[in-house]
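**Q** Got a structure for you, questions after.
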Ligand code: IVH
C-alpha cells in the first residue's frame, strides 16, 4: 500500500471510494447477515486508513464515508417507539405459600377445581426488549421504557448476533419479546478492561447489559458481548400457537434462543421441585437469574384471565430469597430527598453480597433505627434482593464496641439547618425548608429531568448539582430558558456588558459542541406526554402508575389543573388506586403558589400533549360505563369485569342515568328493570362477548 503522503488526489479519491464500498459490504455481512468476512483488525485497519486519507484530503470526504456512519452517535438521544401492546411487568411473590395463593386466585377466577398447567422459566436478570418482524424481516426494536413507550434500539439490536435478521414461515407481523443480558464471564472481562484503563466499572451484569444496549453509538454495543433469550410476544398478525410450550417450539424453529431450562409443570409440587433445582443450579449458570416466572401454558386460559393494570393475571415471578452478608456500619448519614424526607443511610465496610459489592444500605427512617437499635460501629447483617436498595436485616449486639452510643436522629435538616418535623401519622421526618433547602431543590430538579419524567440526556445528577450551586438552574423552568440566557464569551471591549450572563462554553468540561448537544436535548423535550409531565411535577406519592391513571381519566393537563385548583376531588377519588390521602397531597401541591407559578411559567415554554389511549381507544367499550347483572353462563363475574376493563370500560355496581350498557345474565332482577325504565341499552352475554371477537 502506498504511504498516505505519496498519494495524489485522484488516487486518494479512488481509495476512499473503495474503502467506503468495502466497509458498507462488511457492515451488512456483520450486522444483517450474521456472516462477517473481515476480522476485527482488518476492519479497524480499513477504518484507520480511511481516517488518515481524509485528514490529508478533507475536501475529498464522501457523503457515504465510514467515518460518518453509525460510528457517529445520534445527537439527541434515542427516538421513541410506542408499543402497540404495552410491555408489562410481573407481580412478585417470595414464598411457596404465595404461589399457592396465586394459583387459588386463578382457580376462583376461572371457577374451576383443576390446577392449570404452568411453564416455569428462569427469570433472567437483564433488560427486556421487543423486536418487530414484518414479512420475516427484522424492522425495529425497542426497550420497555415505561411500558407504553420505549427507546428505539433497532441499530443496537442489529449488533446482537443471536437475534435473527430474517425468519421464515412466520406471521406477516410478529413482535417477539425477551431479555437482553450479559453473560457473567463477559461482564467480568469488561470490568477488568475498564478497571485497567481507570474507568468506572459496572456494578453487575444487568447494569453492564443496560449500559451496553442503551448506547447512542451502536458500534459500542457491537463491541460488548450481549446475549438474548426470547420468552413472549407482542403484536402478531396470526397467532400460530395455542400454548406457551408451542410458542417456544416456533421460536426455536425461527432461530430465536430460548432458555433450555424452561419446563412444563403440572402441579404445585412440580413447581416447587423445579424451583429448588434451579436455585441449586443458579451459581453454576453462565448468566444471572433472580427467580422463576410461572406462566399458564394454555393461551386460551391466559386470554380468559387477562390483565391487571400493569401485570398479567396468568403469570407471576417467584423470586429467590435475598442474599445476605456480615459487615460493619462505619457511619450513619442523613439524606434529604425531593419532598424533604430525611432518610438515614448506613455507610458500610464494603462487602460482597451475592456477587455485588455493597457499601451503603438504607435504614428507612427514625423508627426503624430505634426499633433495631442500629448504631455506628455495629456489626450487621445486610441483604439485597434484586434491584432493591440493600437493607440492614439485624444487628449483632455481642459484637458491639463497649463505647457505642444510641444514634440520635437530628431534628434539624443537615443540609439547610431548617427544622425537621414529623407529622403525627407519618413515619418520616421532613425538612421544613422547602425550595430554600438546596437538597430539596436539587433533588426536585433531578427528578424533573429523570428518565421517566422529561428524560433529558446530558443533564446528569452531577451537572444539575453544579448548575444549581452556580445559580444557573434554580427551578425546572430555568432549564427551558437556559439557551436564551447563555451568551458566547466576549473578549472585546463590550465584555463588561455581559456581566451576569451565563457562558456555558467557557465552563470546565464544556465546549461548543457539548453545549449545542445539551440545548438540542432540551429542545427535543418541549413536547411532552401528559403522564410524564404529571410525574415530573414531583407531587408527593404520585409515581408513574398514578400519573398514568390521572392522565387517562382527565385527558388534558388543563382539565386536571382546573379541578385541583378548585379543590374538586370528586372525579379524582373515583379513580381506582387513588385514595383520599393521595388526593389531599395533590390538592395541597396545587394550593402552593410557588408551584402554580412554576407550572404556569413552564406551560409557556413547553407543550403538554393530550392523553392518547393506546390499545383500546377504538374499542366500542372505551370510556363507556357498564353494569353486570344476573348469572353469566360462560364466565365468572370477575372475568367479565376484567374483560370490560381491558377494553377501556368503567364497570359500575349499580344502574344510573350515566350507565351506557347493562349486561344481563340469567335471573336478572331489579337492575335489568331499572335499565329498561331509564332506556339504557341492554346486552346479552353473547352480545357482550362479540366485542371481543
Ligand atoms: S414474561 C406479560 N418471562 O421480568 C409478561 N419476563 O418482572 C411479560 N423477565 O419485564 C414478562 N425473564 O424483563 C417474562 N422468562 C421471563 C422473564 C421475564 C425475565 C423480566 C422481564 C419483565 C420482568 C418482570
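The values are calculated or read from the model by the stated rules, or taken from the named source; none is laboratory data. Please read these numbers as outputs of a predicted model, since none were measured by experiment. With ideal geometry, Cβ positions are generated from the backbone for all residues, glycine too; neighbour counts draw on all protein chains shown.
**Q** Among 340, 433, 354, 386, which is the only one that is in contact with a strand residue (DSSP E or B) (Cβ under 6 Å, 6 or more places away or on another chain), surrounded by 14 or more Cβ atoms within 10 Å (Cβ to Cβ), over 30 Å from residue 188 (Cβ atoms) and at pLDDT below 95?
**A** Result of the check over 340, 433, 354, 386: 340.
**Q** Across the range 577-588, what is the total count of residues that are free of Cβ contacts under 8 Å to residues at least 12 places away in the same chain and outside any helix (DSSP H, G or I)?
**A** Counting residues in the range 577-588 that are free of Cβ contacts under 8 Å to residues at least 12 places away in the same chain and outside any helix (DSSP H, G or I) gives 1.
**Q** Among the numbered conditions (1) at pLDDT 85 or above; (2) touching a helix residue (DSSP H, G or I) at 6+ places or on another chain (Cβ under 8 Å), tell me where residue 585 comes up short.
**A** Going through the list (1) at pLDDT 85 or above; (2) touching a helix residue (DSSP H, G or I) at 6+ places or on another chain (Cβ under 8 Å), residue 585 breaks only (2).
**Q** So which of 120, 131 is within 12 Å of the ligand (Cβ to nearest atom) and in contact with a helix residue (DSSP H, G or I) (Cβ under 9 Å, 6 or more places away or on another chain)?
**A** Answer to the check: 120.
**Q** Go through the range 165-181 residue by residue and tally those that are in contact (Cβ under 8 Å) with a residue 60 or more places away in the chain and within 18 Å of the chain's Cα centre (by Cα).
**A** Number of matching residues: 3.
**Q** Something else: Of the conditions (1) part of a helix (DSSP H, G or I); (2) surrounded by 18 or more Cβ atoms within 10 Å (Cβ to Cβ); (3) away from the ligand (no atom under 16 Å from the Cβ), residue 157 satisfies every one except a single condition; which number is it?
**A** The single condition residue 157 does not satisfy is (3).
**Q** Failed condition for residue 198, given (1) in a helix (DSSP H, G or I); (2) away from the ligand (no atom under 16 Å from the Cβ); (3) surrounded by fewer than 16 Cβ atoms within 10 Å (Cβ to Cβ), with all others met?
**A** Going through the list (1) in a helix (DSSP H, G or I); (2) away from the ligand (no atom under 16 Å from the Cβ); (3) surrounded by fewer than 16 Cβ atoms within 10 Å (Cβ to Cβ), residue 198 breaks only (1).
**Q** Mind telling me which of the residues 192, 151 ends up being touching a residue at least 12 places away in the same chain (Cβ under 8 Å) and away from the ligand (no atom under 13 Å from the Cβ)?
**A** On the way: 192 fails: touching a residue at least 12 places away in the same chain (Cβ under 8 Å).
Only one candidate passes the filter, namely 151.
**Q** Which condition does residue 145 not pass, out of (1) at positive phi; (2) within 13 Å of the ligand (Cβ to nearest atom); (3) over 22 Å from the mean Cα position of the chain (by Cα), if it passes all the others?
**A** Of everything listed in (1) at positive phi; (2) within 13 Å of the ligand (Cβ to nearest atom); (3) over 22 Å from the mean Cα position of the chain (by Cα), residue 145 misses just condition (3).
**Q** Of everything in the range 84-108, what is within 10 Å of the ligand (Cβ to nearest atom) and either on the phi > 0 side of the Ramachandran plot or out of contact with any strand residue (DSSP E or B) (no Cβ under 7 Å at 6 or more places or on another chain) (or both)? Give them in sequence order.
**A** Scanning the range 84-108 gives 86, 89.
**Q** Only helices (runs of 4 or more DSSP H) wholly contained in the range 217-289 count here; list those with 2 or more residues that are exposed (fewer than 15 other Cβ atoms within 10 Å of the Cβ) and away from the ligand (no atom under 13 Å from the Cβ).
**A** Filter on the range 217-289 gives 244-254, 268-281.
**Q** Only one of 600, 595 is at negative phi, surrounded by 15 or more Cβ atoms within 10 Å (Cβ to Cβ) and under 31 Å from the mean Cα position of the chain (by Cα); which?
**A** From the options 600, 595, the qualifying one is 595.
**Q** May I ask you to list the residues in the range 515-572 that are in a loop (DSSP other than H, G, I, E, B) and surrounded by 18 or more Cβ atoms within 10 Å (Cβ to Cβ)?
**A** First, the residues of the range 515-572 that are in a loop (DSSP other than H, G, I, E, B): 524-526, 529, 537-543, 555-556, 566-569.
Those that are in a loop (DSSP other than H, G, I, E, B) and surrounded by 18 or more Cβ atoms within 10 Å (Cβ to Cβ): 525, 529, 537, 538, 539, 542.
**Q** So, residue 293, is that one in contact with a strand residue (DSSP E or B) (Cβ under 8 Å, 6 or more places away or on another chain) and away from the ligand (no atom under 16 Å from the Cβ) or not?
**A** On the way: in contact with a strand residue (DSSP E or B) (Cβ under 8 Å, 6 or more places away or on another chain): yes; away from the ligand (no atom under 16 Å from the Cβ): no.
No; evaluated as a whole, the condition is false for this residue.
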